[in-house]
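Single-structure report; data block below.
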Protein chains: 2
Amino acid sequence: MASNRSKVTITAIAREAGVSVPTVSRVLNGRSDVAPGTRERVEDLLRRRGYRRRSSHPLGPRLVDLVFNDLDSPWAVEIIRGVEDVMHAAGVGTVVSAVHREPAAARQWLQNLRDRASDGVILVSSDLDSSVRHELRRLNVPIVVADSVGGAPLDTPTFGATNWAGGLAATEHLLSLGHRRIGFVAGPRAMMCSRARSDGYRAGLEAAGIAMDDALVVDGDFYHRSGFDGGTALLELDDPPTAIFASSDTMAFGVYEAVRRSGRRVPDDVSVVGFDDLQEARWSSPPLTTVRQPLAEMGMLAARSVLRLASGEDVESPRVELATSLTVRESTAPPGRS
Amino acid sequence: MASNRSKVTITAIAREAGVSVPTVSRVLNGRSDVAPGTRERVEDLLRRRGYRRRSSHPLGPRLVDLVFNDLDSPWAVEIIRGVEDVMHAAGVGTVVSAVHREPAAARQWLQNLRDRASDGVILVSSDLDSSVRHELRRLNVPIVVADSVGGAPLDTPTFGATNWAGGLAATEHLLSLGHRRIGFVAGPRAMMCSRARSDGYRAGLEAAGIAMDDALVVDGDFYHRSGFDGGTALLELDDPPTAIFASSDTMAFGVYEAVRRSGRRVPDDVSVVGFDDLQEARWSSPPLTTVRQPLAEMGMLAARSVLRLASGEDVESPRVELATSLTVRESTAPPGRS
């Protein structure tokens, strides 16, 4: 398969479509000076024959785009670090952009990308609007997705983490310490990673024969404030939890503050577990027990894959989930220690 | 001045040097196929006549390089955010690199930069090795420095913060709360920004008529561990300080942990002030009182300046220091509250 696909040339497409080679190039470059009917015929053939754009540079890829929704989270820098590491070694520049969930910003970025002749795109947790996705496909630039929110087309390579197993591990750790009332601050429901963590939490409780108590589950959005609000609500219950699992480290820091404000202490009065293992987890006081997802490694794998695609090679597996692992620090202890 | 300088052309330089235009181009592009004597004569003329490379792209700059030593600090993402914001709006790609203080990595980056025809370079806290600096100058790519560590040539525009005033403000805040024994965790002595913060601390004490006590000053390196070690040493003194000013937020979080380990509380037993105002300062428990340096704004200014230079314009002022300001949160209180 791989060798057949990589042999598809512009010349062959032009011959089959009954147009000139420059016309196929114009279609590939998203130029407007091609009749709509011709464009459709050529695009259809490019897709059906599995044409894949090689790097436009004779010496191989030069530039790869790394696209975030926002650069406002500390995990962004961990992914940048992983991607940059691989790209730097390969002699490729990493162009970092934020599209702020705004179609106008995404279109501006797309315009830049075309002008720069980018060799590949790594989308991070991206929910690019469908017209932008369509335009990207039309440009035939290789795309991979890191930390997928779900919704990526099945043929786009995605790199994520075992979120369900991580949710389970966090819950099992708290159960093993003797906790029975374990609160949960969930991430946004629309994101697959956050649903998987919730399901892992639920599965851990069920396996221990503990009935889910909906009062112990509060909604969050991965940001600090929602962790503080959720933690506060949980601690104000008549029968508050003895431990709280937050679906992101940033929310776990919000829970810390809720615990402090209520006059309690972590872990003496309340155990806290996070999810991510940002550098900040080691810097919090007490250091945070958390589920590590290998963000830099995720970035490295995504980077290697987009370089393979840009060189006309295939990737081994379109969907990769890297293992999460529990890192036990000082924010968890048996209940009722105080 | 500006208009004269921007009129210097390759043709004029070639005529004056008595060589062909392609020879001048080869010198500008760092190619090796130019006789050493010719290269020197042309480089000398380019420098003396103030030749400045315009963007090699007819539509203006396309790519700017943003270069860090390491991508391991949360303030990196704040600077990236500011730079990306300006570049995105200008339709320019931001290539992010880390050179890890390794000459080989810096040379590899330089090679990529040349191949990509980068239109400008923003160095962050950079101590690039002198051969790399020399090569950059030879390429005539505009360079600006953000968060200078000192040592940048006088004609390189630099963007920093008023570190001395920030150190003073932190110390005055603690004095105004009634503290007299104020510990200090210093940053690396080799960095100008960190010397300025130390001098501000010293000036604040002197203005209040308090003699410097060398026992209250410990060395750090801006990283978390050194804040923990320094904080621990200060709290183990026979007459420990009632407040500690750390020269970076990350070190302040280390001090938090030292306070917690010693069985004390922030701010009841020990007040803590940081420096940076990372997002993490709002997320710490208690939220950290700290000196804000406008990192994103620093990145934005550096970005606008490098774009001006890349378009053949001058920048207004070669050295800009943005104002720091104290942000009071919950980690500081009068002494002896507990």
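The values are calculated or read from the model by the stated rules, or taken from the named source; none is laboratory data. Everything quoted here is computed from the prediction, not taken from an experiment. Quick reminder, even Gly has a Cβ in these numbers, built from the backbone with ideal geometry, and neighbours come from all protein chains shown.
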Check your understanding: Tell me, which strands (runs of 3 or more DSSP E) wholly within segment A:86-194 include 2 or more residues that are within 14 Å of another protein chain (Cβ to nearest Cβ) and buried (at least 24 other Cβ atoms within 10 Å of the Cβ)?
Key -> A:93-98, A:121-124
**Study point:** Meets criteria (exposed (fewer than 11 other Cβ atoms within 10 Å of the Cβ) and modelled with pLDDT of 80 or more) for A:A17
**Key:** no
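Take A:D70 and tell me if it is under 19 Å from B:V67 (Cβ atoms) and either more than 7 Å from chain B (Cβ to nearest Cβ) or of a type in the set (A, V, I, L, M, F, W, C) (or both). Step through it out loud before you land on a result.
On the way: under 19 Å from B:V67 (Cβ atoms): no; either more than 7 Å from chain B (Cβ to nearest Cβ) or of a type in the set (A, V, I, L, M, F, W, C) (or both): yes.
Considered against the rule, which asks whether it is under 19 Å from B:V67 (Cβ atoms) and either more than 7 Å from chain B (Cβ to nearest Cβ) or of a type in the set (A, V, I, L, M, F, W, C) (or both), A:D70 comes out as no.
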Review point. Taking segment A:238-263 on its own, how many of its residues are more than 14 Å from every other protein chain (Cβ to nearest Cβ) and surrounded by fewer than 23 Cβ atoms within 10 Å (Cβ to Cβ)?
Key: 4
Check your understanding: Mind checking whether some residue in segment B:245-263 is under 17 Å from B:F184 (Cα atoms), in contact (Cβ under 8 Å) with a residue 60 or more places away in the chain and assigned to a strand (DSSP E or B)?
Key -> yes
Check your understanding: Are any of the residues in segment A:199-217 more than 19 Å from B:R282 (Cα to Cα) and either surrounded by 23 or more Cβ atoms within 10 Å (Cβ to Cβ) or among the polar types (S, T, N, Q) (or both)?
Key -> yes
Exercise for review: Report yes if B:G274 is among the small types (G, A, S), in a helix (DSSP H, G or I) and within 21 Å of the chain's Cα centre (by Cα), otherwise no.
Suggested key: no
Check your understanding: Mind checking whether some residue in segment A:226-242 is assigned to a strand (DSSP E or B) and either outside the structural domain of A:V315 (by TED's automatic domain parsing) or among the small types (G, A, S) (or both)?
Key -> no
Practice item. Please state which one of A:L71, A:L123, A:L128, A:L113 is at pLDDT below 85 and assigned by TED's automatic domain parsing to the domain that holds A:L307. Key: A:L128
Exercise for review: Considering each of B:S194, B:S248 in turn, give the residue that is closer than 20 Å to B:R329 by Cβ and within 23 Å of the chain's Cα centre (by Cα).
Suggested key: B:S248
Revision key, fill the gap. Over segment A:73-85, the set of residues among the β-branched types (V, I, T) and either surrounded by fewer than 21 Cβ atoms within 10 Å (Cβ to Cβ) or facing another protein chain (nearest Cβ under 8 Å) (or both) is A:V77, A:I80
Practice item. Identify the single condition in (1) over 24 Å from B:Q279 (Cβ atoms); (2) among the acidic types (D, E); (3) touching a helix residue (DSSP H, G or I) at 6+ places or on another chain (Cβ under 7 Å) that A:E257 does not satisfy, given that it satisfies every other one. Key: (1)
Review point. Do we find a residue being surrounded by 24 or more Cβ atoms within 10 Å (Cβ to Cβ) and away from chain B (no Cβ under 14 Å) anywhere in segment A:315-324?
Key: yes
